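> Once you've had a glance at the structure underneath, I'll fire off some questions.
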Amino acid sequence: MIKKQLCNRCVLDSRVPGITFDQQGICSHCALHDKLDKLYTLNSQNKKKFETLLNKIKISGKNNKYDCVVGLSGGVDSTYCLYTAKRLGLRPLAFHYDNGWCTAIAKKNIEKAIRKLDVDLEKVEFPWEDIKMFHRACLQASIPETCLPCEVGIASGAYKVAAKYNIKYIMLGTSFRTEGINPLRWHYLDGAYFNDIIKKFGQLTSATKNFNKLTMPDLFKYIVVKGIKTIQLPLYIEYNNQSIKAIMEKELDWEYGGKIHFDCSYKPFGGYVEKQKFGGRDPGLIALAALVRSKEMTREAALEKIQADDSTPVSQKDIDYCRQRLGFSTEELQDILKSPPKTFLDYSTYYSVFSKLRLPIKACCKMKLLPETLYEKFFTVV
Ligand SMILES: [Zn+2]
């Protein structure tokens, strides 16, 4: 067996697809972090840029009830994103995509945030039978993105809500500093990819079309025609997980569910499948490595956490709950776990088109027509 190489700075190892190490044994994800950290240093220049951006957002919504859309799951990042948008004097419209797996504690957090921050909430939901079919198809497709339906639902929902209310900005609570950037072979997302999986393992119907708004014609409509922009808020503000939780507990009566992704009851199951099928793929690993680089956690504590997580597997109760809701027998789930792992490269996607559009994509990221660090995701850590 080949011995795995562990990065000397973070906690990623050679099982991460596409990872490389320099002569000091530092991994390519650490190098990417440093590059982005330089681009988005929280200095006075960045602050000025952000102030200009805030003004633009406010002006864009001058004649509108809202000036930005903020997705809200009830978890840490999205709730803080909404809180910050409000604190910065923006007029956000919160939107919640109901993925059918929202936990009771997350629902309470959403209600409290909406009430305390005095913002409107737009809910986006789809019939459970469709959601169930999407999840079943993604599991049968043997891909590492077990949460693909939810990600398509959130991104599509944000665009739909922005277009419906003529809002020009979508605020995201994601950042390379707290979440890291997953390699493409562990995490890929586009509208053609989702449709191909549904076509092969589910049913491509008008419901799917209405759900998935990430196809080329849809993106053209939202990004080019309507000019909807996406801002990754944590790139511009101080963002420390521990203090964020304390602020929200105090200001919003927000409750922490005790673990990462506590807002979704599907996550532990999805993580279990990903870990079983894709060696070294742990849904929290890339984020943990990011927290080490951002000095929110020591490398030792992160390594201890990985070891502790490895020795406390997901409970059978959590596995059975999701398996039964999705209508799989124990044997069918075993077949899914045993089937050879695949990636986006095994399906029809827009990737070949995107790879030919490096410069336009770079320009779109700069203009915030696409999330700013998407270029790095697509072209640095495949
Ligand atoms: Zn590293």
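All of the numbers you see were taken from the coordinates with simple rules; none came from a lab. Since this is a predicted model, take the numbers as computed values, not measurements. All Cβ positions, even for glycine, are placed from backbone atoms using ideal geometry, and neighbour counts span all protein chains on display.
> Please work out whether the stretch 218-376 counts as rounded, prolate or oblate from its C-alpha gyration tensor, where a ≥ b ≥ c are the square roots of the eigenvalues and a/c under 1.5 means rounded, while otherwise a/b larger than b/c means prolate and anything else oblate? Intermediate results must be reported in sequence, preceding the final value.
Values: a/c = 1.80, a/b = 1.18, b/c = 1.53.
The shape class here is oblate.
> Please compute the modelled spin-label separation between Glu255 and Leu204, points set 7 Å along Cα→Cβ, answer in nm with one decimal.
For Leu204 paired with Glu255, the spin-label model returns 4.4 nm.
> Share of antiparallel DSSP beta bridges in the chain, in percent to the nearest 5? Intermediate values should be presented prior to the final figure.
On the way: 3 of 18 bridges.
The antiparallel proportion sits near 15 percent.
> Additional query: For the chain, what is the calculated [θ] at 222 nm in deg cm²/dmol (nearest 500), taking -39500 (n - 2.57) for each run of four or more DSSP H residues and dividing by its residue count?
Details: 19 runs with 194 residues, N = 382.
Calculated mean residue ellipticity at 222 nm is -15000 deg cm²/dmol.
> Going by the alpha-carbon gyration tensor, a ≥ b ≥ c the square roots of its eigenvalues, is the stretch 33-117 rounded (a/c under 1.5) or, if a/c is not under 1.5, prolate (a/b greater than b/c) versus oblate?
Numbers: a/c = 2.58, a/b = 1.42, b/c = 1.81.
It comes out oblate by the Cα gyration axes.
> Of all alpha-carbon pairs in the chain, indicate the percentage at a distance above 30 angstrom. Intermediate values should be presented prior to the final figure.
On the way: 28089 of 72771 pairs.
Pairs farther apart than 30 Å: 39 percent.
> Let me know the Rg and Dmax you get for the stretch 273-328 when you use only its Cα atoms, in Å.
14.1, 43
> Take every Cα-Cα distance within the stretch 1-151, group them into 5 Å bins from 0 onward, and report for each bin the whole-number percent of pairs it holds.
All Cα pairs considered, the percentages come to 2, 7, 12, 11, 12, 13, 15, 14, 9, 4, 1, 0, 0.
> Quick one: which residues, 5 or more positions from Ile170 or on another chain, have an amide H under 5 Å from its amide H? H modelled 1.01 Å from N in the peptide plane, none for Pro or chain starts.
Val69, Lys229, Thr230, Ile231
> Next question, about the same structure. Based on alpha-carbon atoms only, what is the radius of gyration of the stretch 80-160 relative to the globular estimate 2.2 N^0.38 Å?
Details: Rg = 14.8 Å, N = 81, 2.2 N^0.38 = 11.7 Å.
Against the compact-globule rule of thumb, the ratio is 1.27.
> Let me ask something additional. Rounded to the nearest 0.05, what FRET efficiency do Leu39 and Lys226 have when you use their Cβ-Cβ distance and R0 = 35 Å? Numbers along the way, then the final one.
Details: r = 27 Å, r/R0 = 0.78.
Here the calculated transfer efficiency is 0.80.
> Output ³J(HN,Hα) for the stretch 79-89: one whole-Hz value per residue in order, computed from phi by the Karplus curve 6.51 cos²θ - 1.76 cosθ + 1.60 with θ = phi - 60°, and x for Gly and Pro.
Going residue by residue, I get 5, 5, 4, 5, 4, 5, 4, 5, 5, 7, x Hz, with x marking Gly and Pro.
> In addition: Classify the stretch 153-267 from the C-alpha gyration tensor, please: rounded if a/c falls under 1.5, else prolate or oblate depending on whether a/b exceeds b/c. Provide the component values of the computation, followed by the final result.
Working: a/c = 2.01, a/b = 1.52, b/c = 1.32.
Cα axes put the stretch 153-267 in the prolate bin.
> Compare Phe344, Phe176, Phe50 in a GNM of the chain, Cα atoms joined below 10 Å, and give the one with the largest fluctuation.
Phe50
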